[in-house]
Amino acid sequence: MEKALNKQINWELYSSYFYLSMSTYFESINLSGFANWMKIQAREESEHAMKMFNYLVEQKNRVILSGIASPPSDWKSPLDVFEDTYGHEKRVTGLINKLVELAVREKDSETKAFLQWFVKEQVEEEENASKIVKRLKLIGNSKSKLAVFDKELSRRK
Ligand code: FEO
């Protein structure tokens, strides 16, 4: 379980890197509201990593930090970014579910309870990404509608 949680910390930190890279991509195409949304997303991912980090420390387990892979840096469009985001979150949900299965197999009820927060969080994460994908599909090629949406996303705190 300890090893698996260490691996998940790396995934969460990679997720933070991934969204930070998306944030700077959005800045480069002058969509600062989207960039803001992604920067906040990146911060949330670091918080997810820290939740696991603190849990392992509290359990008197070791945290071994390994290298974080480089994220992609370019996408074709905002829709491409959010399809990538949605796919990434679905992958993370699968990883969290595997951690829960492992906790059950190892009869580690404390970790199973700890992971419930992440199970719920993933429902929200997938929903947020999927909503934005749908909205971007509706927006299509409309620059003015994209600008309105960008403004909306600039309000995420
Ligand atoms: Fe930490 Fe977006 O899952």
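Where a number appears in this text, it was derived from the coordinates with a stated rule and is not lab data. These numbers come from a predicted model, not from an experiment.
Grab the Cα-Cα distance for LYS3 and ASP80, subtract it from 0.36 nm times how many residues apart they are, and report the gain in nm with one decimal. All intermediate terms of the calculation are to be shown ahead of the outcome.
Values: separation 77, 0.36 × 77 = 27.72 nm, distance 3.32 nm.
Value of the extension gain: 24.4 nm.
What's the angle, to the nearest 10 degrees (0 to 90), between helix 109-139's Cα axis and the longest principal axis of the chain?
Taking the Cα atoms of the chain, the angle to 109-139 is about 10 degrees.
Among ARG105, ARG135, ARG43, which one shows the biggest mean-square fluctuation in a GNM of the chain, springs joining Cα atoms closer than 10 Å?
ARG105
Please give the calculated 222 nm ellipticity per residue for the chain, where each DSSP H segment of at least 4 residues contributes -39500 (n - 2.57) and the sum is spread over every residue; nearest 500 deg cm²/dmol?
-28000 deg cm²/dmol
Which angle between 0 and 90 degrees, to the nearest 10, do you get for helix 32-58 versus the longest principal axis of the chain when only C-alpha atoms count?
0 degrees
Compute the normalised compactness of region 2-153: alpha-carbon radius of gyration over 2.2 N^0.38 Å, N being the residue count.
1.14
Once the cut-off is 13 Å, how many percent of the Cα-Cα pairs in region 82-130 end up in the long-distance tail?
54 percent
For region 115-132 and region 11-29, what is the separation of their C-alpha centers, rounded to whole Å?
Taking the Cα centre of each part, region 115-132 and region 11-29 sit 18 Å apart.
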